[in-house]
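> Shown below is the structure under consideration.
The values are calculated or read from the model by the stated rules, or taken from the named source; none is laboratory data. From a predicted model like this one, the values you see are computed outputs, not experimental measurements. Glycine gets a Cβ as well: all are built from the backbone with ideal geometry, and neighbour counts include every protein chain shown.
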Amino acid sequence: MTVTAVAPVEAGPRATGLRLWWRSAMIVWWRGNLRTIRFPGLVVSVAFFPLFFLIAYTGLFPSLTDIPTFPTDSFISWLLPFTLLQGAAFSGLGAGFSTGADIDSGFLDRLLMMPAHRSAILFGTILMALSRAIGIGVPVFVVGVAIGADVTGGVLGVVSLAVAVVGMSVISSCFALGVIYRAQDQRVAPLFQVVIFMTLFTSTAQVPLSISTGWLHAVARVNPVTNLLELSRQATLPDGWSWGTTWPGLLALAGCLAVLGTFAVVGLRRLTP
Amino acid sequence: MTATVIDELRRGGWWTSSRALAGRSIRGVLRQPQAFVPGLVFPLFFTAVNAAALDRARMLDGFPEVDSYLSFLLPATLIQGIMFSATTAGNDVALDIQNGFFDRLVSSPVSRLSLLLGRLAGIAIYGFGLAVVFTALLVAFGASVQAGVAGVVVLAVTSSLVAIAIGAFSMAIGFRKGSVEEVQGYFPIFFTLVFLSSAFFPPELTGGWFETIAGLNPVSWMVNGLRTLVIRGWEWQGALLALGTGAGLAAFLVGVAALGLRARLRQ
């Protein structure tokens, strides 16, 4: 796989500048896709939790919509966007796992020797995570709608959901890559899961702010994932799409991208073969 | 540690060897924080989140009368904690097979029974201790056990039985496959069993397919028995339901593990 992935750069016409950067990024991306195809277990493990939570929580909590102030009478409509964001977050963690394996096998050192700018490695890896997020998200969305989720937000609602999913995948990739570039050790991988689980579940993942109580209410109010969920839930909640709900989500997304993007870029820049 | 254990095994019968292997199992867990920390952190985290997120669900018609959602979740927290930790028994078996220690044990004059019982005894003690610690923590944060000390004892003994059951199942996989990854691959089974039960919400409020599946799930029988003791007070029926289900599962799965061990010894 390694040889196949690297060969096109060496064999093709000599590329320079932006073209070289783009081709290098595409090679990293394609290599990640090959890994996904050759190890379908990776996709199964990433897809398991979102699909499981979608089905189990839909069966478990339908009566929560009877609590006054719950914004919909369809629990699956409430849950589906969270499930998609969860899948996107796990796809980003996959980028961290894959890079950890490349560090252990020494392949990342070879990538660092590429003549293209290092950011091509980061971009290609994020793109690979994004491919997985979309590859998992589309079937989960279809299953969710098939088993009863309403799509009430029209085109703008669905676009908001897509933006949130893509954003979550990029954010979690940057986080996982920033950590693995610094630690350079696969054994930090469980840390990704702990942080992502805690960040996702201390938001409005299960119930809206008006229903959560105590410490969770306080944390969920300031957790940017809450804004991302509100952005994405415009696709499935009865209120539909509005700019007033969209801009806080976009702002949260931009803030997370700026912080975690910098975290990943600096980590990669400091990496020495 | 390994050489000391083998010396100890040479000196005694099945009791001595079981005791030595149980000690090794407990030391093995305590020396690997990555093996027991998730079993402590994740269940407590999910309990804290669910208690804060779902507390208002107590207002729903048909929800059992309970002073806090934390009390309602106590049995689920124990079972989740054990689910995360008890699979280490199977991981350790697989690891022993991979690194050759299992072959050394088999070639030493150690009782075959103790290969099974030693590790299960270790995980049972761990399950008992985990239940006591979790109960104390949840009580400190506002939960209560209406059945008092007797109720806590039943909670801890049932947890021990669950630890034996899950440990035995993971050991069966470990004996047959000899691979840590394969043992880990079966983890979603326990995850699914706990979520598709009455652990987090009363199934009678869910209706539909979930109520049917949860009603057939032995984890629900156990949780319902324990929950009776936690939220209502001492009832023999609840205690016997929890202990009986735990013992039944443990006995069945220890049998499955014994078959796995026999298959491994024949190889």
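> For A:Asp102, state whether it is in a helix (DSSP H, G or I), more than 14 Å from chain B (Cβ to nearest Cβ) and in contact with a Leu (Cβ under 6 Å, 6 or more places away or on another chain). Before you say what the answer is, go through the steps one by one.
Values: in a helix (DSSP H, G or I): yes; more than 14 Å from chain B (Cβ to nearest Cβ): yes; in contact with a Leu (Cβ under 6 Å, 6 or more places away or on another chain): yes.
Yes, satisfied.
> Another question about this same structure. Which condition number does B:Ala214 fail, the rest of (1) surrounded by 22 or more Cβ atoms within 10 Å (Cβ to Cβ); (2) within 14 Å of another protein chain (Cβ to nearest Cβ); (3) at pLDDT below 90 being met?
Result: B:Ala214 fails condition (3) only.
> Exactly one condition in (1) buried (at least 18 other Cβ atoms within 10 Å of the Cβ); (2) within 14 Å of another protein chain (Cβ to nearest Cβ) is not met by B:Arg58; state its number.
For B:Arg58, the failing item is (1).
> Return only the number of the condition from (1) over 19 Å from B:Gln184 (Cα atoms); (2) surrounded by fewer than 24 Cβ atoms within 10 Å (Cβ to Cβ); (3) within 14 Å of another protein chain (Cβ to nearest Cβ) that B:Thr47 does not satisfy.
Exception for B:Thr47: condition (2).
> Turning to a different aspect of this structure: Quickly run through the stretch B:123-159 and pick out the residues that are over 18 Å from B:Pro33 (Cα atoms) and without any contact (Cβ under 8 Å) to a residue 40 or more places away in the chain.
Listed by number, the residues that qualify are B:Phe128, B:Val132, B:Ala136, B:Val139, B:Ala140, B:Val149, B:Val152, B:Val153, B:Ala156.
> Are there any pairs, at least 6 apart or on different chains, whose C-beta atoms fall under 7 Å, with the first in the stretch A:131-148 and on the phi > 0 side of the Ramachandran plot and the second surrounded by 13 or more Cβ atoms within 10 Å (Cβ to Cβ) and hydroxyl-bearing (Ser, Thr, Tyr), and if so, which?
As it stands, the answer is A:Gly148/A:Ser74, since those pairs meet every condition given.
> Would you check which residues across the stretch A:112-128 are at pLDDT below 85 and either under 28 Å from A:Val159 (Cβ atoms) or surrounded by 16 or more Cβ atoms within 10 Å (Cβ to Cβ) (or both) and list them?
Within the stretch A:112-128, A:Met114, A:Ala116 qualify.
For every residue, the table says whether it meets (1) within 20 Å of A:Thr36 (Cα to Cα); (2) among the charged types (D, E, K, R); (3) buried (at least 24 other Cβ atoms within 10 Å of the Cβ).
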| position | (1), (2), (3) |
| --- | --- |
| A:Thr99 | yes, no, yes |
| A:Arg110 | no, yes, no |
| A:Leu130 | yes, no, no |
| A:Val143 | no, no, no |
| A:Gly154 | no, no, no |
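> Within the stretch B:179-206, work out how many residues are facing chain A (nearest Cβ under 7 Å), part of a loop (DSSP other than H, G, I, E, B), over 30 Å from B:Gly260 (Cα atoms) and not polar (S, T, N, Q).
Residues in the stretch B:179-206 being facing chain A (nearest Cβ under 7 Å), part of a loop (DSSP other than H, G, I, E, B), over 30 Å from B:Gly260 (Cα atoms) and not polar (S, T, N, Q): 2 in total.
> A further question follows. How many residues does the stretch B:221-267 contain that are closer than 18 Å to B:Asp67 by Cβ and aromatic (Phe, Trp, Tyr)?
Matching residues across the stretch B:221-267 total 1.
> Looking at the stretch B:165-178 only, could you name the residues that are in a helix (DSSP H, G or I) and over 14 Å from B:Ser85 (Cα atoms)?
Selection gives B:Ala172, B:Ile173, B:Gly174, B:Phe175, B:Arg176, B:Lys177.
> Helices (runs of 4 or more DSSP H) wholly in the stretch A:168-260 with at least 1 residues that are away from chain B (no Cβ under 14 Å) and surrounded by fewer than 22 Cβ atoms within 10 Å (Cβ to Cβ) - which ones?
Once the helices (runs of 4 or more DSSP H) in the stretch A:168-260 are filtered for at least 1 residues that are away from chain B (no Cβ under 14 Å) and surrounded by fewer than 22 Cβ atoms within 10 Å (Cβ to Cβ), what remains is A:214-222, A:224-232.
> Still on this structure: Would you check which residues across the stretch A:81-90 are within 15 Å of A:Val163 (Cα to Cα) and within 8 Å of the chain's Cα centre (by Cα) and list them?
Residues satisfying the conditions are A:Leu85, A:Gln86, A:Gly87, A:Ala88, A:Ala89.
> Looking at B:Val162, is it part of a helix (DSSP H, G or I) and surrounded by fewer than 22 Cβ atoms within 10 Å (Cβ to Cβ)?
For B:Val162, the condition - part of a helix (DSSP H, G or I) and surrounded by fewer than 22 Cβ atoms within 10 Å (Cβ to Cβ) - is not met.
> Is the stretch A:78-87 home to any residue that is among the small types (Gly, Ala, Ser) and either more than 14 Å from chain B (Cβ to nearest Cβ) or touching a residue at least 24 places away in the same chain (Cβ under 8 Å) (or both)?
Within the stretch A:78-87 (the criterion being among the small types (Gly, Ala, Ser) and either more than 14 Å from chain B (Cβ to nearest Cβ) or touching a residue at least 24 places away in the same chain (Cβ under 8 Å) (or both)), the answer is yes, since at least one residue qualifies.
> Right, something else. Can you tell me which residue within the stretch B:167-178, out of those that are among the small types (Gly, Ala, Ser) and closer than 19 Å to B:Gly248 by Cβ, is farthest from the other protein chains (Cβ to nearest Cβ)?
B:Ala168
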